[in-house]
Amino acid sequence: SFILIYSITFYNIQTENIRKINNALDLRTINTSRSVSLDSPFLSLLLDHQGAIIRVEQNQLQLSSQICQEAADLIGQNQTSTSGLVKFFNKIWMYRTRTLLMSVNLNEEAIAAQYRYVIFLDITSTQKTLHDLRLSFMFVSGVVLTVIFFISFGFANHSIKPVQKAWEKQRQFIADASHELKTPLSIIMANYDALLANGDETINSQFQWFSHMRTGMDQMNQLISELLSLARLENNFHIEKIRFSFTECIKETLLPMEVAVKEKQITLSKSLQEELFFTSNPALIKQSFQLIFENAIKYTNEKGEIHINLKQEKYRILCTIQNTGEGISHKDLSKIFD
């Protein structure tokens, strides 16, 4: 838009200057005895074939003969050019020339000869206007580009942060998964080494080692199943939803946890509202609450307490689980659902 505005302004100023100088040149060459009328400062020179000044006319100017001769010399240096821009007297001038065959009175004698008529139009003010306009546009463009740069830089950083955060979460997830896989693998390898060390024993006598290996394999199978479920969820895998009893789902999830609760002598109090129905995938709901219950038991001190409350509030089902553990540090609160 700046270039368009400048181009239009430049075109209008140039067109106006050309119109002024052409009108004056046409007027002067058609009637050489008539004075030239221009609103802007001008200098007109009538030159002979050798470039000598025959006649001088000035408007709004008081140029010395030396300055006029300097202007004539500039025109004389380029005989083939009929228009252009020159600089003298610390000003910028647009000039036009026209060759005339005319008679000039010299010493009361009319002499017919070929002469060159030149008009100089002072365009210093208009050139300054264009120069100031260029500077203004450059300054405004610089400011706008700087603002756009910082805005784009800010948006780029803002858009990269989620990607960077997702990448860091993925790295942490891989590290955690690797750590979780090492535990059952270590169990399997340790029991396998025990079997090799007792190779002469019967299978029945080594049953405990096989039992431990089976436990490790079950843990690995469960972990792999959880990883596959997570991958499906992240890939927008279609989840089959049905209407089921949310209350019964929580009860079934709590049932296998009671052994661990008794081992730590934890007091488990439950307040479960009956006949609460929900539409979702019951297997995923069970898996989610199983992880929550396991963590609640794991991080509850011995002889501690766990309170489970399930109720309906307006159009939603609210399930709260509270324990008497040490709690989660503030720096880890944001990582609960990672």
Checklist entry - Tally time: how many residues in region 226-256 are at pLDDT below 85 and more than 17 Å from Thr320 (Cα to Cα)? => result 17
Checklist entry - Are there any pairs, at least 6 apart or on different chains, whose C-beta atoms fall under 9 Å, with the first in region 1-17 and surrounded by 13 or more Cβ atoms within 10 Å (Cβ to Cβ) and the second modelled with pLDDT of 85 or more and of a type in the set (D, E, K, R), and if so, which? => result Tyr6/Arg134
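Among the residues of region 37-46, is any of a type outside the set (Phe, Trp, Tyr), assigned to a loop (DSSP other than H, G, I, E, B), at pLDDT 70 or above and farther than 14 Å from Phe120 by Cα? Before the answer, list the steps.
So the first thing to find is which residues in region 37-46 are of a type outside the set (Phe, Trp, Tyr), and the list is 37-41, 43-46.
Next, only the ones that are assigned to a loop (DSSP other than H, G, I, E, B) stay: 37-41.
Still in the list and also at pLDDT 70 or above: 40-41.
Pick out the ones that are also farther than 14 Å from Phe120 by Cα and you get none.
No, region 37-46 has no match at all.
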Checklist entry - From the set of residues in region 86-104 that are free of Cβ contacts under 8 Å to residues at least 24 places away in the same chain and in contact with a strand residue (DSSP E or B) (Cβ under 6 Å, 6 or more places away or on another chain), which is nearest to Asn22 (Cα to Cα)? => result Thr97
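Only one of Gln66, Gln170 is over 30 Å from Tyr11 (Cα atoms), part of a helix (DSSP H, G or I) and more than 58 Å from the chain's Cα centre (by Cα); which?
Values: Gln170 fails: more than 58 Å from the chain's Cα centre (by Cα).
Answer to the selection: Gln66.
Given the criterion farther than 30 Å from Asp26 by Cβ, at pLDDT 75 or above and surrounded by 13 or more Cβ atoms within 10 Å (Cβ to Cβ), identify the matching residue among Phe137, Phe173, Phe155.
Phe137
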Checklist entry - What number of residues within region 275-327 satisfy the criterion of being within 44 Å of the chain's Cα centre (by Cα) and basic (Lys, Arg)? => result 3
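Restricting to region 50-63, name every residue that is part of a loop (DSSP other than H, G, I, E, B) and under 60 Å from the mean Cα position of the chain (by Cα). Break it down into steps so the answer makes sense when it comes.
Of region 50-63, the ones part of a loop (DSSP other than H, G, I, E, B) are 50-52, 60-63.
Listed by number, the residues that qualify are Gln60, Leu61, Gln62, Leu63.
Could you list all residues from region 293-338 that are in a helix (DSSP H, G or I) and modelled with pLDDT of 75 or more?
Within region 293-338, the subset in a helix (DSSP H, G or I) is 293-298, 330-335.
Passing the criteria: Phe293, Glu294, Asn295, Ala296, Ile297, Lys298, His330, Lys331.
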Checklist outcome for this item: Counting only residues in region 288-331 that are in contact (Cβ under 8 Å) with a residue 12 or more places away in the chain and among the charged types (D, E, K, R), the one farthest from Lys251 (Cα to Cα) is identified as Glu326
Next on the checklist: Just to be sure before I move on: is Leu272 closer than 30 Å to Glu240 by Cα, in contact with a Leu (Cβ under 7 Å, 6 or more places away or on another chain) and either modelled with pLDDT of 80 or more or surrounded by 14 or more Cβ atoms within 10 Å (Cβ to Cβ) (or both) in the structure I sent?
Outcome noted: yes
Checklist outcome for this item: For region 129-161, the count of residues that are closer than 18 Å to Thr9 by Cα and of a type in the set (A, V, I, L, M) equals 5
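Determine which member of the set Val163, Val147, Val143 is more than 30 Å from Gln206 (Cβ to Cβ) and either in contact with a helix residue (DSSP H, G or I) (Cβ under 8 Å, 6 or more places away or on another chain) or loosely packed, with under 10 Cβ neighbours inside 10 Å (or both).
Val163
The values are calculated or read from the model by the stated rules, or taken from the named source; none is laboratory data. Computed from a prediction, not measured in an experiment: that's the story for all the values here. Note: ideal-geometry Cβ built from the backbone for every residue, glycine included; neighbour counts use all protein chains shown.
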